[in-house]
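Enquirer: Got a structure here, written out as structure tokens. Questions coming.
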Amino acid sequence: MSALHQGSLKTRTFSSLGLGDLLEHPVCIYAGAGPDERSALSVWKERAAHFPEKCIAVVRENADEIVVCRSGAEWSVALRDEEGLSALFRNTSGAYVDISGLSHHVWAPVVRSALGVCSNVWAIYAEPLGYRVHPSPSSFTVFDLSDGFSGLSPLPGFARLGGPEDETQAVFVPFLGFEGMRVKSLAMSLDPIPKTIPVVGLPGYRVEFPAHAVASNRDFLEEQRALGEIRLARASCPFEAYDTLAEIQRDFPGRYMYIAPIGTKPQALGAVLYALGHSGSSELMYDHPKRKQNRSRGVGRVHVYSIK
């Protein structure tokens with residue numbers, strides 16, 4: 001069975017997500033607000049009115065903890081507190097996690113806990129209709145997405161003791177986004193930079209997006225002689241991202257894999273799922289961007305991924 005066919009079997013896509021598109025019993029975790037229109041989908045307000053005990057909104061997030069709200073009651077959960085995160089899924093066998101408006105360092109440990117507790121887990125992601133164009137014509141990036149970065153540090157619950165002593169026995173696999181300085185900054189933390197196998201989201205959310213991703217990262221790709229090594233995985237499909245990583249591992253047996261999930265969120269979800277199943281041979285590298293307000297516009301297609 002091909003990766004595309006597997007992904008199609010595990011993905012439902014909607015022009016807009018409605019109350020009737022979701023099962024009644026799962027707990028739903030989602031952003032109460034966020035930097036974009038798609039951060040807080042209207043379906044969650046409707047669902048909270050019908051099933052308040054099943055709806056948990058993340059109303060604040062910081063580097064180490066989140067504040068969540070259910071039925072008007074708020075409490076804090078540390079992102080490295082496995083027991084506290086698991087308690088979000090108490091008395092349920094299923095969970096929906098809407099990653100659209102949550103930062104990677106929030107949704108990744110939440111998804112990890114859901115997978116450990118629930119029999120059925122779905123991740124939800126809403127595509128943007130477009131991104132905010134950078135106001136400066138001299139900018140190295142087409143889109144204006146971030147107000148800086150907090151720097152390289154593990155996602156909560158995904159810390160590793162370290163890779164191989166000899167970095168030449170590794171591969172660096174960045175999922176390419178629109179901010180070219182990100183991949184270069186992450187790669188510079190490896191000495192020497194190992195063989196680079198970049199992944200581009202093709203097809204993209206829009207037909208021109210893959211070309212933008214390659215152009216934004218061209219300097220780094222040329223420096224690492226990696227233009228000829230590019231692999232492709234659908235921008236909207238975590239399962240293709242997962243299968244691409246598995247394919248790279250097969251092509252480079254025994255190599256430790258440094259994965260930079262800095263492309264699309266669905267690709268990052270696939271990378272997180274891969275890292276969970278291959279903790280001894282892979283490591284996630286992330287730089288924690290500070291997301292700009294209104295960095296994207298509109299709400300595009302909404303995907304519901306069955307990840308367990």
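The values are calculated or read from the model by the stated rules, or taken from the named source; none is laboratory data. Since this is a predicted model, take the numbers as computed values, not measurements. Because the Cβ atoms are built from the backbone with ideal geometry, glycine has one as well, and the counts that use them run over all protein chains shown. We work out accessible area using only protein heavy atoms, side chains counted, and drop any ligands, DNA or RNA first. Shrake-Rupley method; radii C 1.70, N 1.55, O 1.52, S 1.80 Å.
Enquirer: Kindly establish whether Gly254 is over 27 Å from Gly148 (Cβ atoms), of a type in the set (Gly, Ala, Ser) and at pLDDT below 95.
Expert: yes
Enquirer: Turning to a different aspect of this structure: Can we say Leu221 is at pLDDT 95 or above, open to solvent by less than 10 Å² (accessible area, probe 1.4 Å), over 20 Å from Arg255 (Cα atoms) and aliphatic (A, V, I, L, M)?
Expert: It is true that Leu221 is at pLDDT 95 or above, open to solvent by less than 10 Å² (accessible area, probe 1.4 Å), over 20 Å from Arg255 (Cα atoms) and aliphatic (A, V, I, L, M).
Enquirer: Does region 109-129 hold any residues that are of a type outside the set (A, V, I, L, M), closer than 18 Å to Gly18 by Cα and at pLDDT 95 or above, and which are they?
Expert: Across region 109-129, the qualifying residues are Trp122, Tyr125, Glu127.
Enquirer: So, in region 47-83, exactly how many residues are buried (at least 17 other Cβ atoms within 10 Å of the Cβ), among the acidic types (Asp, Glu) and more than 19 Å from Cys118 (Cα to Cα)?
Expert: Summing the residues that are buried (at least 17 other Cβ atoms within 10 Å of the Cβ), among the acidic types (Asp, Glu) and more than 19 Å from Cys118 (Cα to Cα) in region 47-83 gives 2.
Enquirer: Further question on the same structure: Filter region 57-79 down to residues that are touching a Cys at 6+ places or on another chain (Cβ under 7 Å) and touching a residue at least 24 places away in the same chain (Cβ under 8 Å), then give me how many there are.
Expert: Total satisfying the criteria: 2.
Enquirer: Looking at region 242-250, can you tell me whether even one residue there is outside any helix (DSSP H, G or I), of a type outside the set (A, V, I, L, M, F, W, C) and either surrounded by 17 or more Cβ atoms within 10 Å (Cβ to Cβ) or out of contact with any strand residue (DSSP E or B) (no Cβ under 7 Å at 6 or more places or on another chain) (or both)?
Expert: No, that holds for no residue.
Enquirer: Criterion first (under 19 Å from the mean Cα position of the chain (by Cα), in a loop (DSSP other than H, G, I, E, B) and not aliphatic (A, V, I, L, M)) does Phe172 satisfy it?
Expert: no
Enquirer: Of all residues in region 274-308, count the ones that are over 15 Å from Pro154 (Cα atoms), open to solvent by 10 Å² or more (accessible area, probe 1.4 Å) and assigned to a helix (DSSP H, G or I).
Expert: So the count comes out to 1.
Enquirer: Has region 257-271 got at least one residue that is free of Cβ contacts under 8 Å to residues at least 40 places away in the same chain, under 17 Å from the mean Cα position of the chain (by Cα), under 21 Å from Ala126 (Cβ atoms) and in a helix (DSSP H, G or I)?
Expert: yes
Enquirer: Going through region 1-46 one residue at a time, which ones are at pLDDT 90 or above, in a loop (DSSP other than H, G, I, E, B) and open to solvent by 70 Å² or more (accessible area, probe 1.4 Å)?
Expert: Residues satisfying the conditions are Ser15, Ser16, Leu23, Glu24, His25.
Yes or no, residue by residue, for (1) out of contact with any strand residue (DSSP E or B) (no Cβ under 8 Å at 6 or more places or on another chain); (2) over 18 Å from His288 (Cβ atoms); (3) open to solvent by 30 Å² or more (accessible area, probe 1.4 Å):
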| position | (1), (2), (3) |
| --- | --- |
| Glu165 | yes, yes, yes |
| Leu186 | no, no, no |
| Ser189 | yes, no, yes |
| Pro192 | yes, yes, yes |
| Lys195 | no, yes, yes |
| Pro210 | no, yes, no |
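Enquirer: Next question, about the same structure. In region 84-126, what count of residues is obtained for those that are in a loop (DSSP other than H, G, I, E, B), open to solvent by 10 Å² or more (accessible area, probe 1.4 Å) and either farther than 26 Å from Glu283 by Cβ or without any contact (Cβ under 8 Å) to a residue 24 or more places away in the chain (or both)?
Expert: Total meeting the criteria: 5.
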